[in-house]
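Since every read-out is calculated from the coordinates, none of them should be taken as a lab result. Note that the structure is predicted; figures quoted are calculated from it, not measured. For neighbour counting, all protein chains shown are included, and Cβ atoms are generated from backbone atoms with ideal geometry for every residue, glycine included.
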Amino acid sequence: MKLLVLLGPNLNMVGIREKSIYGIENANTINEAIKTYAKSAGFECDIFQSNHEGDLIDKIHSSLGVYDGIVLNAGALTHYSYALRDAIASVEAVPTIEVHMSNVHKREEFRHKSVISPVCSGVICGFGKDSYRLAIEALKGLI
Ligand code: DQA
């Protein structure tokens, strides 16, 4: 089974940005933990981070026939990117789990709305880096 973990804008800055929200662990060690967990769950895992909406969209399109599922933390694009939403909807055969490290519902009102949730298989938020592990677990149950 092949898994794509897709990370959107500013997620390369975890460990540096807003530490009280995202914690002090940096993106590299979080990615290592994701890879280790994915392997133990039986997935070959690629992680792709970009600060550019179009790059994320291209990656979603090219996941068709390559990956069995996507774990997606779209960062702020979650809240307004109809283009990302349409990209997810265009690869229906690849189940996508929406992930957030923070509990977006406890935060500013603009974060309460996700335009991608309706085209994702499910949503996990609020568990820090563990949100990724829980999403991989959930994906395993879907495939
Ligand atoms: C985030 C939540 C988003 O609202 C925010 O823009 C992010 C990170 C999270 O992982 O909690 O960049 O997706």
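Translational diffusion of the chain was estimated from the Stokes-Einstein equation, with Rh taken as the Kirkwood radius over Cα pairs; at 4 °C and 1.567 mPa s the coefficient is 87 µm²/s.
Spin-label pair Phe48-Ala93: with each label point 7 Å from Cα along the Cα-Cβ axis, the two points sit 1.7 nm from one another.
Straight-distance candidates among the lysines for linking to Lys113, with alpha-carbon spacing under 25 Å and chain neighbours fewer than 8 residues away dropped: Lys19, Lys59, Lys129. When shorter helices are ignored and each DSSP H run of at least 4 residues is given -39500 (n - 2.57), the per-residue value for the chain at 222 nm works out to -9500 deg cm²/dmol. Paramagnetic label reach from Ile21 (point 7 Å along Cα→Cβ; backbone nitrogen cut-off under 20 Å): within the stretch 41-78, residues 49-53, 72-78. Using the average count of surrounding beta-carbon atoms within 10 Å as a protection proxy, the listed peptides 123-134, 25-36 rank, highest first, as 123-134, 25-36. Put the Cα centre of the stretch 19-96 next to the Cα centre of the stretch 107-143 and the gap is 11 Å.
Within straight-line reach of Lys35, meaning a Cα separation under 20 Å, sit the following aspartates and glutamates at least 8 residues removed in sequence or on another chain: Glu25, Glu44, Asp46, Asp68, Glu98, Asp130, Glu137.
Across the stretch 46-71, the residues whose backbone nitrogen lies under 20 Å from the label position 7 Å along the beta-carbon direction of Asn10 are 48-57. Given their separation in residues at 0.36 nm each and the Cα-Cα distance between them, Ser62 and Met1 gain 20.3 nm when the chain is fully extended. Only Cα pairs under 8 Å and 6+ residues apart enter the sum, and on that basis the relative contact order of the stretch 2-142 stands at 27 percent.
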